1. State the number of residues belonging to region 23-38 that are part of a helix (DSSP H, G or I) and surrounded by 12 or more Cβ atoms within 10 Å (Cβ to Cβ).
2. Please determine, by comparing only the residues of region 1-22 that are surrounded by 12 or more Cβ atoms within 10 Å (Cβ to Cβ) and hydrophobic (A, V, I, L, M, F, W, C), which one is farthest from Ala34 (Cα to Cα).
3. For Ala62, work out the one condition from (1) surrounded by 10 or more Cβ atoms within 10 Å (Cβ to Cβ); (2) modelled with pLDDT under 65 it doesn't fulfil.
Amino acid sequence: MTDDRHERIRQRAHEIWEKAGRPEGAHMEHWEQAAAEIYAAGKPKKAAKKAAAAKVEKPKAAKAEKPAKAPAKANSAKPKAKA
């Protein structure tokens with residue numbers, strides 16, 4: 001790990017710790033969260049552009065409107081034949 005990256009992780013972990021109310025014993029969680037954020041920020045931008053392009057919705061063709069269905073017929077009160 002480069003010294004610059006290590007320092008950025010340390011600073012970000014400290015920010016996370018302060019925002020969390022300075023809890024005791026959570027330093028590893030804060031460090032891991034900060035490291036994940038820093039590593040994610042350092043990934044190549046091409047991957048981010050591809051992911052963003054994949055999320056863009058393409059316009060959908062307009063569907064022809066279907067006529068509304070007629071209401072279902074009520075069952076007539078026919079007596080059932082006994083077997």
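1. Residues that pass the stated criteria total 11.
2. Ala20
3. (1)
The values are calculated or read from the model by the stated rules, or taken from the named source; none is laboratory data. None of these values were measured; they are calculated from a predicted model. Backbone-built Cβ (ideal geometry, glycine too); neighbour counts: all protein chains shown.
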